[in-house]
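Just below is one structure, and these are the notes that go with it.
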Amino acid sequence: MNQVRDIMSTDLVVVSPQLSLRDLLELLADKHLGGAPVIADGKVVGVITLDDIVSFQASLPAVPTEDSEEQSWDGEPRRGSVEGDEAVATYYVDLWPDTGAELPERAAALRGPEWDQLSEHVVEEAMSRRLWTISSDDAIDAAARKMQELDIHRLLVIDEGRLSGIVTVSDVTRAVAEGRT
């Protein structure tokens with residue numbers, strides 16, 4: 001039991017390049033995964049990981065994307081503080097209809113502009129097109145060395161041009177801990 005085939009995962013979750021990043025996050029969270037191969041027309045075209053999504057999200061403009069010294073978010077001119085006016089915080093209360101909602105209710109409502117940016121983008125925009133692969137016949141220590149050298153967490157197992165599994169750092173660690181190497 002010293003080959004990648006002995007420890008690799010073969011029950012794979014694969015995704016389409018056209019899957020929204022929001023749906024991908026929900027899938028990865030549901031399956032407790034850190035990434036997945038991206039398949040189009042029966043071929044591996046990339047890999048998408050949580051790190052890829054975080055990097056992509058960080059590259060997007062923050063919401064709101066515009067702020068003007070002269071205007072408020074609703075387009076009205078900002079006004080100076082005048083004695084007798086409502087407290088400044090009430091300005092923000094008026095902006096969001098769910099202001100009175102409890103925090104868990106607001107967090108569960110993923111449809112506001114602050115939350116829904118990822119629904120507007122697809123896997124293809126954030127995935128890595130570089131494929132790090134290994135054969136199922138290769139030794140486990142070769143897989144471990146390759147992942148360490150490349151500073152990656154998973155290798156796609158490709159045999160005869162087809163995806164046959166994935167081997168991860170966790171798979172290698174588990175095999176060593178269980179004395180299977």
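The values are calculated or read from the model by the stated rules, or taken from the named source; none is laboratory data. Note that the structure is a prediction, hence the values are computed from the model and not measured. Cβ: placed from backbone, ideal geometry, glycine included. Neighbour counts: every protein chain shown.
With the requirement that a residue be assigned to a strand (DSSP E or B), more than 20 Å from Ala144 (Cα to Cα) and not basic (Lys, Arg), what does region 1-58 give you?
Answer for region 1-58, where residues must be assigned to a strand (DSSP E or B), more than 20 Å from Ala144 (Cα to Cα) and not basic (Lys, Arg): Val15, Ser20, Val38, Ile39, Ala40, Val44, Val45, Gly46, Ile48.
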Would you please name the residue that is modelled with the highest pLDDT, looking only at residues in region 47-76 that are over 16 Å from Leu28 (Cα atoms) and of a type in the set (Val, Ile, Thr)? Val63
Can you give me the number of residues within region 144-161 that are small (Gly, Ala, Ser) and surrounded by fewer than 18 Cβ atoms within 10 Å (Cβ to Cβ)? 1
Could you list all residues from region 1-16 that are more than 24 Å from Asp138 (Cα to Cα) and either surrounded by 16 or more Cβ atoms within 10 Å (Cβ to Cβ) or without any contact (Cβ under 8 Å) to a residue 24 or more places away in the chain (or both)? Val15
Just give me the residues in region 130-181 being of a type in the set (S, T, N, Q) and without any contact (Cβ under 8 Å) to a residue 40 or more places away in the chain, in sequence order. Thr133, Gln148, Ser170, Thr173
